[in-house]
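The values are calculated or read from the model by the stated rules, or taken from the named source; none is laboratory data. Note that the coordinates shown come from a computational prediction; the quantities given were computed from them, not determined experimentally. All Cβ positions, glycine included, derive from the backbone under ideal geometry; neighbour counts span all protein chains shown.
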Amino acid sequence: MAFFKNMLFGGDYNPEQWPEEIWVEDMRILNLAKINSATINVFSWAQLQPDEETYDFSTLDKIVEMLTKHKYQIVLATSTAALPAWMSRRYPDVNRTDFEGRAHKFGQRHNACPNSPTFRKFSAKLAGKLGERYGHLENVVCWHISNEYGGNCYCENCAKEFRVWLKKKYHTIEALNKAWNMAFWGHTLYSWEDVVVPNALGDAIGTEKTAFAGLSIDYRRFMSDSILRNFTDEKAAIKQHDPKTAITTNLMGTFKDLDYFKWAKEMDIVSWDNYPSYDTPISLTAMRHDLMRGLKDGQSFMLMEQTPSQQNWQPYNSLKRPGQMKNMSYQAVAHGADTIQFFQLRRSVGACEKFHGAVIEHVGNEHTRVFRETAELGQELEKLGDTLLDAVTPAKVGIIFDWSNYWGLEYTSGPTIELQYVDQIHHYYQELFARNIDVDMVSINGDFEKYDLLIAPCLYMINQEQAQKIDAYVNNGGHFVTTMMSGLVDETDNVHLGGYPGPLKETLGIWVEEFDALPPEKTTQVVFNDGTVSDCRMLCDIIHPNTAEVLANYGKGEFYADTPVITRNQKGSGMAYYVGTMLSETGMKRLFDELLKALPIETFDLPEGIEWKTRVKENQTYHFLLNHKNEPVTVTVPTAGKELLTETALSGTIELAPFDVKIIAE
């Protein structure tokens, strides 16, 4: 369903930080760029509620009145991402306790304990008052709760609530001891009160390692649930007064702390903030867009934040080159965005984000390169209108992304410190990206049947029900690929006994005896049956085929030379592949040639740096041709049609300008 009448074009706007004469000038300048929306009230709690009893909406009323007068659509935030000082001082339970066990005082943002009764009371009350005051306005088109949720707390309130959460999940202390394997190191718990949060004072070994992964993974699940409850507290308060308007909060791509698939179930529409660095691969940004679209099973999402020019918080904050902001904006649209929004509309005068890019720079006028490019984009989006709203991506390939696997794989001690979950997912995604194949990122609990090919890199943590679902997918004709470090443990990080890869052994037709961790300076070789030779690195599984056929063996150099490394098993009417190492680019190309040759999945061979993506709306197909390089590229258009931005016919061989974008209606 489409949530908006046209594509929102705007971003975070903080007029309360400026005198009112600046507001008038802002309206004049932003109108020149065809800005049609503003996200307001993101960090205004201190102004809205100067003390426990007083609420003051006078400034916000003026801002809403001004935006309404100028026909802006409003994304109205709830301001609860930063505590007011009086609350932090008067009610210390709202302040977080950090990993080191230190109770924080007033400062920073995203700084509230999610299990503080005081915070839950005041945040929901404020959200309700906002819903009551502004929820009837037609131009309030979306509610934006808090901002970029994240961060953990380890206070006594959290410890108490964690014990309650555990009781609901495990019921008995005996079941908890078994789930966490607490017989190890004599850690047997005798009472729920013996449960200690996994911080520096307990069983955690730094923020990313732990002595008891079951404990630390459950605390991640608990903290994600606790912070989600803050979101649903405010959502419920708003819905009492405004049951129709969409409610969101801005997510952050592959952010580790929160289980976004679980969060998406509570969000009407997904929104996210896209801040790649100067050296982020284009394919990784594409993958994160696809993940945001996949959170709600292919539903369009909001690009809530990006910078029109540069960030300020990364080590190297390069300017976006001429045309690059427009290119990145359309890449988001190509992958499912129904809004293009910025942080921020006017640059802050002080504090830590004063050098973060904005539509209106510190010079305070429209005579800047960034503004001219923003205005050009605004004119194009106005011309497109609702053409692309709610279009879908017709993907036939799915990649499983799972936060429990993310946490579990990176908590595990061994076999190598190099193993990073997002990197492994991207290793497979980028090969599909290079072939211009549309991809959905899917939940381990999602719908697999619509995909011809399902890929699950490093599916480390899996239960019997999930394994049976994958087996059924293969039996029914699906093609499934998984890799090293898959099928090893259950949902509490206990090893599936009987040989790796546990409940996937029969589906894959193999068992894995052990895995060798190669140091970063070392590689070995993979030899495919057709003679293709590829380097491999990081991990090397020692594999025993049962019913699987061997597609590639290790080359010379190790004691496991000439033993299987890539296998394929026919199961029912489908195929299950296992890749027991991390292949080089040559190996990945050869592997995907093998995977795709028997599948009805269209690929497009285009020059490096050129992206081709498809969205479909009703009976109309739209193709996006994007040049991500800062140089002209000659390309043959894969599909002829009408180019929407120039309203001209497009076909044959053309030259794309640096960062050029073409949108072709087939």
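Odds and ends about this structure:
- Candidates in region 546-578 are the residues that are buried (at least 18 other Cβ atoms within 10 Å of the Cβ) and among the aromatic types (Phe, Trp, Tyr); of these, the one that is nearest to ASN476 (Cα to Cα) is TYR577.
Residues checked against (1) in a loop (DSSP other than H, G, I, E, B); (2) out of contact with any Cys (no Cβ under 8 Å at 6 or more places or on another chain); (3) in the same structural domain as MET325 (by TED's automatic domain parsing); (4) of a type outside the set (Val, Ile, Thr):
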position: LEU591; (1), (2), (3), (4): no, yes, no, yes
position: ARG615; (1), (2), (3), (4): no, yes, no, yes
position: HIS623; (1), (2), (3), (4): no, yes, no, yes
position: LEU626; (1), (2), (3), (4): no, yes, no, yes
position: VAL635; (1), (2), (3), (4): no, yes, no, no
position: PRO638; (1), (2), (3), (4): yes, yes, no, yes
position: LYS642; (1), (2), (3), (4): no, yes, no, yes
position: LEU645; (1), (2), (3), (4): yes, yes, no, yes
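- For region 204-227, taking the residues that are part of a loop (DSSP other than H, G, I, E, B) and at pLDDT 95 or above, the one that is nearest to GLU491 (Cα to Cα) is identified as PHE212.
- Enumeration of residues in region 441-472 that are buried (at least 23 other Cβ atoms within 10 Å of the Cβ) and either outside any loop (DSSP other than H, G, I, E, B) or of a type in the set (S, T, N, Q) (or both): MET441, VAL442, LEU453, LEU454, ILE455, ALA456, MET461, ILE470
- Residues (among the polar types (S, T, N, Q) and in contact with a Cys (Cβ under 9 Å, 6 or more places away or on another chain)) located in region 310-338: ASN312
- Residue that is surrounded by fewer than 16 Cβ atoms within 10 Å (Cβ to Cβ), modelled with pLDDT of 95 or more and assigned to a loop (DSSP other than H, G, I, E, B), where the choices are ASP386, ASP423: ASP386
- Answer residue from region 358-375, given it is part of a loop (DSSP other than H, G, I, E, B) and closer than 15 Å to GLY10 by Cβ and is nearest to the chain's Cα centre (by Cα) among those: ALA358
- Positions within region 526-545 being buried (at least 20 other Cβ atoms within 10 Å of the Cβ) and free of Cβ contacts under 8 Å to residues at least 40 places away in the same chain, in sequence order: ILE543
- Looking only at region 267-298, and only at residues there that are among the charged types (D, E, K, R) and farther than 18 Å from VAL392 by Cα, the one that is surrounded by the most Cβ atoms within 10 Å (Cβ to Cβ): ASP273
- When we screen THR482, THR416, THR412 for residues that are farther than 24 Å from ASP259 by Cα and assigned by TED's automatic domain parsing to the domain that holds LEU551, the only hit is THR416.
- Of the residues ALA204, ALA200, ALA179, the single one that is of a type in the set (Gly, Ala, Ser), out of contact with any helix residue (DSSP H, G or I) (no Cβ under 8 Å at 6 or more places or on another chain), touching a residue at least 60 places away in the same chain (Cβ under 8 Å) and on the phi < 0 side of the Ramachandran plot is ALA200.
- Inside region 38-54, residues that are farther than 16 Å from ILE247 by Cα and either in contact with a strand residue (DSSP E or B) (Cβ under 9 Å, 6 or more places away or on another chain) or assigned to a loop (DSSP other than H, G, I, E, B) (or both) make up a count of 8.
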